[in-house]
Amino acid sequence: MATDTARWSMVAVAAGTVMLVTMGSRQTMGLFVPDLIFATGLDISVISLALAMAQFIWGAIQPVAGAAADRYGAGRVLAAGMLLLVLGNAMLPLVDGVWAVVLALGILPAVGTGIGSFSVLIGATARRLPAAKRPMAANVISTGGSIGQFLFPPVTQKLIVVLGWAGAMWSLAAVALAALPLALALRGQPREAGGEAGGDLLPGAGGGALASIRHALTVPSYLLLTAGFFTCGFHIAFLMTHMPGEVRLCGQSASVASWALSIIGLTNIAGSFLAGLLSQRFENRYILFWIYGLRGLFVSLYLVGPKDELTFYIFAAGLGLTWLATVPPTIGVIAKLFGSSRIGTLFGMALMFHQIGGFLGAWLGGLAVARFGSFDWMWYADVVLAFAAALLNLPIRETPAVARAPQLQSA
């Protein structure tokens with residue numbers, strides 16, 4: 001028993017450490033924007049487009065990576081992802097021109113970090129661990145990502161100061177390369193002999209993933225949920241990409257931006273944990289209402305407050321409490337609507353909408369500051385979308401969505 005516990009712990013910790021590296025790397029990219037603009041001569045709108053592409057690709061690659069891990073093994077797929085992350089980070093200081101920067105900044109790292117994220121890591125650990133250990137492993141993976149978001153920004157900013165932006169980027173490549181052996185701990189997971197019994201509320205499940213998606217897109221509650229999740233992606237990507245620029249426009253130092261991003265990662269741990277606890281006691285739609293409503297409130301208070309160092313830190317702490325807190329109740333709604341057998345597929349589809357919002361948040365932020373010289377209009381849009389998302393979640397019905405079974409069975 002002790003041996004089994006040690007083995008299960010090793011698998012969970014390996015997956016959590018991979019998540020630490022990939023999420024930490026994603027959290028730091030906004031810190032490089034000023035130096036990239038100076039070094040490449042490209043406009044901020046171009047850099048923002050590359051980072052916006054990264055947001056979308058990160059979400060789009062996850063279901064593909066999950067399917068590849070099912071077929072070829074998580075170890076091989078994760079190794080390929082880490083190598084792509086290494087390649088992108090190592091290339092970026094050496095290239096110029098629009099498409100070379102888009103490749104090195106917006107495509108290769110996004111594919112690499114997307115592979116080393118939720119879909120593959122949670123799937124890999126779930127196949128290796130008994131059912132009773134899976135919630136623990138999922139929590140370790142999520143916590144690893146939050147720790148990465150906390151640690152990487154201040155360390156990366158310090159590296160930029162000491163080594164220059166190119167040296168800092170090569171350091172991130174070296175960290176990703178050092179994490180490559182962790183894939184070995186997740187290789188060769190056997191397929192489970194069969195799916196878990198019960199929990200499948202989705203009619204016509206034998207039609208496969210596409211049939212499940214077609215059905216889900218006819219369910220109003222699912223559409224309302226994904227519309228809110230779209231706003232979540234818009235908000236997170238805008239802040240992750242442009243928080244350093246906002247700090248600079250307000251006359252604060254780059255270290256303030258790095259510490260603000262770090263505080264978001266730290267308080268995100270508490271926020272996600274609290275949301276998970278609340279989702280076991282209250283209806284998920286009400287939890288989502290309050291999360292999105294609080295985001296709108298925090299941004300509104302920021303807009304009318306003084307733009308000093310303390311304000312940014314308090315603002316970051318508030319945002320961190322809601323950062324990934326949307327994930328547990330979103331998964332909870334999907335499980336109640338459709339059961340457990342397709343939760344990965346349907347959460348992946350919701351995540352696609354999330355990252356479409358992320359694409360727009362990162363890209364439009366760059367266009368806004370290039371056109372108006374500030375992010376004011378983006379902040380106003382963020383407030384409106386946050387309050388709209390809060391209201392969209394209220395009509396959700398957390399009951400099994402089984403009305404269209406005949407159409408699915410004939411599909």
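A simple spin-label model places pseudo-atoms 7 Å from Cα toward Cβ; at ILE37 and ARG187 they are separated by 4.5 nm. Among PHE152, PHE387, the order of accessible area from largest down is PHE387, PHE152, computed with a 1.4 Å probe on protein heavy atoms. 3J(HN,Hα) along the stretch 37-44, derived from phi through the Karplus expression 6.51 cos²θ - 1.76 cosθ + 1.60 where θ = phi - 60°, amounts to 4, 5, 6, 9, x, 7, 6, 4 Hz, with x in place of Gly and Pro.
For Cα extents along the principal axes in Å, computed directly from the structure shown, the correct entry in [x] 110, 54, 39; [y] 78, 50, 49; [z] 58, 45, 40 is [z].
As a length-normalised measure over Cα pairs under 8 Å and 6 or more apart, the relative contact order of the chain settles at 26 percent.
Ranked by the mean number of other Cβ atoms within 10 Å of their residues, highest first, the peptides 114-125, 36-47 fall in the order 114-125, 36-47. Rounded to the nearest 500, the helix-only mean residue ellipticity at 222 nm of the chain stands at -26000 deg cm²/dmol, with each DSSP H run of n ≥ 4 adding -39,500 (n - 2.57). Taking the accessible area of the chain, probe 1.4 Å, and keeping the other protein chains in place, the carbon and sulfur fraction comes to 71%. With every protein chain in place and a 1.4 angstrom probe, the accessible-area ranking of ASP376, ASP382, ASP96, largest first, reads ASP96, ASP376, ASP382. Computed packing ranks the peptides 347-355, 167-175 as 347-355, 167-175, most packed first, by mean other Cβ atoms within 10 Å. Here the label points at LEU301 and ARG214, each 7 Å from Cα along the C-beta direction, are separated by 4.8 nm in the simple model.
Excluding ligands, DNA and RNA, the accessible surface per residue across the chain is 41 Å² with a 1.4 Å probe. Put a dot 7 Å past the Cα of ALA174, heading toward its Cβ, do the same for TRP377, and the two dots end up 4.3 nm apart. Each Cα pair under 8 Å and six or more residues apart adds its separation to the average, and for the stretch 280-394 the resulting relative contact order is 50 percent. Only Cα pairs under 8 Å and at least 6 apart count here; give the relative contact order of the stretch 7-123 as a rounded whole percent. In percent, rounded to a whole number, it is 38.
Near the amide H of GLY339, within less than 5 Å, lie the amide hydrogens of LEU201, all on another chain or at least 5 residues away, with H placed in the peptide plane.
The values are calculated or read from the model by the stated rules, or taken from the named source; none is laboratory data. If you're wondering where the values come from, they're calculated on a predicted model, not measured in any experiment. A quick note on method: Cβ atoms are made from the backbone with ideal geometry, for glycine too, and the neighbour counts reach across all protein chains shown. Heads up: the accessible areas ignore ligands, DNA and RNA and are worked out on the full protein's heavy atoms, side chains in. Shrake-Rupley method; radii C 1.70, N 1.55, O 1.52, S 1.80 Å.
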